[in-house]
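The block underneath contains the structure these notes are about, expressed in structure tokens.
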Amino acid sequence: MRLVAAMFKHETNTFSPVPTPLERFNPSFANAARDAYRGTNTPLGGYIAQAEALGAEVRVPVAAEAWPSGKVDAAAFETLANAILEAVDRGCEAVLLDLHGAMVGERFDDGEGELLRRIRELKPGIPIAVALDFHTNLTEQMVANSTAIVGYKTYPHVDMRETGEQVGRIVLDMLAGKCKPVMRWGNRPMIPHIMRQATEDEPMRALIAEARRLEAGKVLAATVFAGFPHADIHDAGLSAVAIADGDAQAAEAARDRLLDLAWENRAGFVYRGQSLADAIKRAAAAADKPGRGPVVMLDHCDNCGSGGTQDDMTVIAAVLRAGLKDVAIFSVADPQAVAALVAAGVGRRATVDLGGKRDMPSIGVKGKPLKVEGTVRAVTDGEFIIRGPMYTGVRVGMGLTAVLDTGTAEIVVTERNHEPWDLGCLRSVGIEPTDKRFVLLKSRVHWRAGFKPIAKAVVDLAGQGVTTSDYSILDFKKLRRPIYPLDPVPA
């Protein structure tokens, strides 16, 4: 058996000013791609394991994933898509894809749908398995050109490999004559706030439990996608897909059950925060209470894991002004500041204009650096292997990385974007997070994968950025309307 397995992933924030050229994907090809992801907690890792267990020949033409940012450059899309198409054209019995589900390109609003359309056009009858992210904005084009689609059931995403193995099993069983997958999908007019999408919290927790209950019954797979609301495309928002063995009615019933449950609980998907000043006071009070571990503070409006610039200084400046002590901050993505800190040298004093290098025209914000003085505590290459439950085993690179100690806060400054979901982001630069009084993270939900077990308390800090939960400042032009909670929608 010959199989093609590939990864091509990007979550596109159409409001983000951060460009997405080919180099942002840091792609690996052929044997290097296969070796980099073998044994990892990713859908691609699951596909490779399945193929090798079957004794099948598995070709991995490309593994490419970029941090969320603005629209994918047309040239980057063509390069990576063509690598997959060329491998499929060489001949195979099935295609196993590790995609995201919210990719928007310069030429295509539905990046995954366009890739799948091209594969189906090239090889009309070939089985195609697709593992998708929890934040997929599902489209008719994706479904029409796939054999089976399954999405993550966890946020933070700790079941990525499991998802790949589940959808891969459906397609491989079909090839073996063991099942006849029938897939049905649909959506509801709602865009849940990211901050209300965590799968261990209600109302998403109940939806995931229902999907698992359905899978224990008549359906092969049932997925609810929370959707990615910061992509201004027609189909952004919550959706569901179900697969049954030769039974269209069972697939339709499972899909409808998930969509109806989500709609009934739509008010629970709306996030409401508090003022930045009040939140900082709450964090300070929480630190004074008995208990071990740091108070985790979330600069959630500037989360690179959803397309933020990761250099807005609004929240960091407020925390420093408030006089909070013993704070670890991860991170400010600022190559210029890193270069200045490296030039100063470890153990030396340095003053830098930190962050604020990118304007955010979609929300009318000009970048505003913050002058910060301190001692350079560390300089590293920014590489470490993830040991926590999310992306386990994957080597990541933050680029050249420095730590600036202001006396009250240790600020990690990186060349590249990286969201803090693993304790290694701090430990790799010599900061032990469990020893800190406060840990300030530019994250929304993924931080829970590594940091929740050590957190004494958690406080959301609303600053500014293109990952804001305030939809009123986002100018949606293509999104289907009316849609909840932007508009009144009849029950």
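The values are calculated or read from the model by the stated rules, or taken from the named source; none is laboratory data. Bear in mind that the values here come from a model prediction, so they are computed numbers and not experimental data. Every residue, glycine as well, gets a Cβ built from its backbone with ideal geometry; the counts of neighbours run over all protein chains shown.
Take the conditions within 25 Å of Asp245 (Cα to Cα), surrounded by fewer than 24 Cβ atoms within 10 Å (Cβ to Cβ) and touching a Pro at 6+ places or on another chain (Cβ under 9 Å) and apply them to Thr163. Does it pass?
Against the criterion (within 25 Å of Asp245 (Cα to Cα), surrounded by fewer than 24 Cβ atoms within 10 Å (Cβ to Cβ) and touching a Pro at 6+ places or on another chain (Cβ under 9 Å)), Thr163 does not qualify.
Are there any helices (runs of 4 or more DSSP H) wholly within region 1-95 with 2 or more residues that are touching a Pro at 6+ places or on another chain (Cβ under 6 Å), and if so which?
Filter on region 1-95 gives 74-89.
So, in region 340-349, exactly how many residues are farther than 11 Å from Val403 by Cα and surrounded by 15 or more Cβ atoms within 10 Å (Cβ to Cβ)?
Result for region 340-349: 2.
Results for (1) buried (at least 20 other Cβ atoms within 10 Å of the Cβ); (2) touching a Ser or Thr at 6+ places or on another chain (Cβ under 6 Å); (3) over 28 Å from Asp109 (Cα atoms), shown as yes or no for each residue.
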site: Ala5; (1), (2), (3): yes, no, no
site: Ser28; (1), (2), (3): no, no, no
site: Ala32; (1), (2), (3): no, no, yes
site: Gly39; (1), (2), (3): no, no, yes
site: Pro43; (1), (2), (3): yes, yes, no
site: Pro68; (1), (2), (3): yes, yes, no
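Taking the criterion of being part of a strand (DSSP E or B) and modelled with pLDDT of 95 or more, would at least one residue in region 105-118 satisfy it?
The answer is yes, given that some residue of region 105-118 is part of a strand (DSSP E or B) and modelled with pLDDT of 95 or more.
Within region 148-159, is even one residue of a type in the set (S, T, N, Q) and surrounded by fewer than 24 Cβ atoms within 10 Å (Cβ to Cβ)?
The answer is yes; a qualifying residue exists.
Are any residues in region 377-386 in a strand (DSSP E or B) and under 15 Å from Ser331 (Cβ atoms), and if so, which ones?
Answer for region 377-386, where residues must be in a strand (DSSP E or B) and under 15 Å from Ser331 (Cβ atoms): Arg377, Ala378, Val379, Thr380, Glu383, Phe384.
Being aliphatic (A, V, I, L, M) and surrounded by fewer than 19 Cβ atoms within 10 Å (Cβ to Cβ) is the filter here; which residues of region 166-186 pass it?
Answer for region 166-186, where residues must be aliphatic (A, V, I, L, M) and surrounded by fewer than 19 Cβ atoms within 10 Å (Cβ to Cβ): Leu175, Ala176.
With respect to the numbered conditions (1) touching a helix residue (DSSP H, G or I) at 6+ places or on another chain (Cβ under 7 Å); (2) part of a helix (DSSP H, G or I), which one is the sole condition not fulfilled by Asp312?
So Asp312 meets the others, but not (2).
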